[in-house]
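Here the structure comes first, spelled out in structure tokens, and everything after it is commentary.
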Amino acid sequence: MVHVLEVAFGMSESMVDAGANTETSDTGPPRVDTVVVGAGFAGMYMIHRMIQQGRSVRCFEGGTDVGGTWYWNRYPGARCDVESMEYSYDFDEQLQQEWEWTEKYATQPEILAYAQHVADRFDLRNHITFGTRVESAVLDESAGRWIVTTDDGGTVSAQFLVMATGCLSSANLPDIEGRDAFTGELVHTGRWPHHEVQFEGKRVGVVGTGSSGIQAIPVIARTAEHLTVFQRTAQFTIPARNGPLDPVEQQRVKTEYAAFRERNRQMFAAFGSKYLRPATDALDTDPDEFHREMEFLWERGGAMFLSGFRDFMRSPEANHMAADFVRGKIAEMVDDPATAALLTPDGLIGCKRLVIDTDYYVTYNRPNVSLVDVSEQGTPITRITPTGIQAGDQHHDLDVLVFATGFDAMTGSLLRVDIRGRGGKRLADEWQAGPTTYLGLGVHGFPNLFTVAGPGSPSVLANMIIATEQHVDWISDCMAYMRDQGLDLIEADAESVASWVEHVNAVADRTIFPSCNSWYVGANIPGKPRVFMPLPGFPAYVETCNNVAANNYEGFVFETVTA
Ligand code: NA7
């Protein structure tokens, strides 16, 4: 079926079977109820819900398989920082009972295998056109439909357009002079090739020390002849303490999976309820007691490190206490004091997304690893040469160059599609000063466009699978409501958008998050407007979404299209 679609799009835009359950048309492009962009975890579940509702759905995916983030980020050491028993779908009890995870934190290949299993189990592939990107989506206002055009020249008309394009999917490959002239192998962690990249006997350079670099560096160091890490900003990372998943623990969770999920949904970031302990404020804690607790948290490891005290994410003073503790640990772990000093971050901890690692800092004790400071105070990279990197006066000879330089987060992939709503207005223009949404789900002027994990929703500040499931359920329920009520179009009201943006800022301003130069505020992309994009606090957000739905989708406006 998919093959028919791809071929037919190239030949004629009408009278084609655009895949499972698709309407045909003799006057225009093939019609479906819903177009989904992206076949990561969000898109896959969206397809499933559409099938359940008996709707025709067509998903376009740039990759050759499902998995999204876990399809693209196949770099060595890639691993989730949410524990396996929590980083999985909870919409199907049988699915969560039958899947067996092997490690506390799952590797990329295991998560990808899980995504593939879900695609097969729920028969999703028939509805996905792989290797095809959506280039534009233009609203036909009179018909109330989205005309979606793909990079193979195909066009499809849809009532609903669901952007499941991912928050960390538009790779940021810095435009450094000479980049394309490098004669060795040049790769980006977020676009890792499908062939095996060889490090053995090679001089490897890694640019970037965010989560991707920190995961890849210890693994590459094991085989590379020499590894040079180019660090612009030091990053805080906490030991993951990963290991095999205890089968008894896995079984115990499965005996009460629904309740376990529910407890996690009540957590700030929708994960980690099993680590909940009565928390106090660091500023009110006796210094010895504080230190004991910090040692405990460090030994436990993992992303819940900063939940140990209630004021870490609210009070800069308390946060500094946590940051100083970790700075002390770095000094203990790294043998060479100069290297330790370079690896020690200034400022607040957790303000940029906290990284969790396996053997990161101690990797710098290896004789085949060196660290180069490419910050303004050090020797910034001036250009890439055919044989390496020029930083300050020094040329570093390299055979393989790994860019672990992150993503144009949250809006990058959305805006890569030329989306035009009412009056032909472009989403990219409307968002020039920063993204504005209602609930992170709808945009004024763009009826029947839904963004899954869009800016203004918890998204990257929550367990992503759970956050996207909540969005997909909300969107699907909304579509069902519209069908029941005979409504064709839904659009976020301009005032609701304005007050939602204010709300997101107010909530974020009660935390330390907006204060540093992170990808949460778009600071990693030159020229990107500085706006804090995600909304902290999953449970309160879900309650708001539920109330909006219960109040007949308050803040949205509905319309009926008369033919
Ligand atoms: P991040 O966290 O955005 O990290 C990117 C890293 O690349 C960071 O250290 C950057 O330094 C560095 N960078 C970016 N551009 C350059 C240039 N031009 N020169 C030198 N260094 C550069 O991306 P990740 O992929 O590691 O992680 C993203 C998320 O994915 C992560 O938070 C997890 O949620 C999973 P900077 O700090 O900007 O100075």
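The values are calculated or read from the model by the stated rules, or taken from the named source; none is laboratory data. These numbers were taken from a predicted model, which means no experiment stands behind them. Neighbour counts run over all protein chains shown; Cβ positions are idealised from the backbone, glycine included. We work out accessible area using only protein heavy atoms, side chains counted, and drop any ligands, DNA or RNA first. Shrake-Rupley method; radii C 1.70, N 1.55, O 1.52, S 1.80 Å.
Each peptide in 552-562, 48-58 was scored by the mean count of other Cβ atoms within 10 Å over its residues; highest first, the order is 48-58, 552-562.
The equivalent ellipsoid of the stretch 421-563 has semi-axes of 26, 18, 12 Å, largest first, where each one is the square root of 5 times an eigenvalue of the Cα gyration tensor.
Among residues other than Asp92 with Cβ under 10 Å from its Cβ, the summed charge is -2 (Lys and Arg +1, Asp and Glu -1). Dividing the mean sequence gap of close Cα pairs (under 8 Å, 6+ apart) by how many residues the stretch 105-259 holds gives a relative contact order of 12 percent. The eigenvalues of the Cα gyration tensor, multiplied by 5 and square-rooted, give the chain an equivalent ellipsoid with semi-axes of 40, 28, 23 Å from largest to smallest. When the Kirkwood radius is taken over all Cα pairs of the stretch 205-311, what Stokes-Einstein diffusion coefficient follows at 25 °C and 0.890 mPa s, in µm²/s? D, rounded to a whole number, is 145 µm²/s.
Counting only protein heavy atoms and using a 1.4 Å probe, what share of the accessible area of the stretch 179-403 belongs to carbon plus sulfur, as a whole percent? Don't skip to the end; give the middle numbers.
Working: 5330 of 10290 Å².
Carbon and sulfur together cover 52 percent of it.
Order of 324-333, 434-443, 34-43 by packing, highest average Cβ count within 10 Å first? Walk me through the numbers on the way to the answer.
On the way: 324-333: 16.0, 434-443: 23.8, 34-43: 28.4.
My ranking of the peptides, most packed first, is 34-43, 434-443, 324-333.
Only lysine pairs 8 or more places apart or on separate chains count here, and in the stretch 179-403 those with Cα atoms under 30 Å apart total 4.
A 1.4 Å probe run over the protein chains yields, for the chain, 40 Å² of accessible area per residue, whole-number rounding. Prolate is the label for the stretch 28-170, because the ratio a/c of its alpha-carbon gyration tensor axes (a ≥ b ≥ c) is 1.5 or higher and a/b is greater than b/c. In the neighborhood of Glu430, defined by Cβ-to-Cβ distances under 11 Å, what is the net charge if each Lys or Arg adds +1 and each Asp or Glu adds -1? Combined, the nearby Lys, Arg, Asp and Glu give +3. For the stretch 179-403, DSSP calls about 30 percent of its internal beta bridges antiparallel. Comparing Cα centroids, the stretch 503-563 and the stretch 366-402 end up 39 angstrom apart.
Rounded if a/c is under 1.5, else prolate if a/b is larger than b/c, else oblate: which is the stretch 503-563, with a ≥ b ≥ c the root eigenvalues of its Cα gyration tensor? Oblate, since a/c reaches 1.5 and b/c is not below a/b. When a/c reaches 1.5 or more, the comparison of a/b and b/c decides; with that in mind, is the stretch 285-343 rounded, prolate or oblate per its Cα gyration tensor? It is prolate, given that a/c is not under 1.5 and a/b is the larger ratio.
Taking only the Cα atoms of the stretch 179-403, the ratio Rg/Rh comes out at 1.03, with Rh defined as the Kirkwood radius. What the Kirkwood sum gives for the stretch 94-187 is a hydrodynamic radius of 17.7 Å, with every pair of different alpha carbons counted. What is the sum of charges around Pro447, taking Lys and Arg as +1, Asp and Glu as -1, for the other residues whose C-beta is under 14 Å from the C-beta of Pro447? So the environment of Pro447 carries a net charge of -3.
Each peptide in 64-74, 447-457, 419-429, 112-122 was scored by the mean count of other Cβ atoms within 10 Å over its residues; highest first, the order is 447-457, 64-74, 112-122, 419-429. For the stretch 413-563, the carbon plus sulfur part of the accessible surface works out to 49%, probe radius 1.4 Å.
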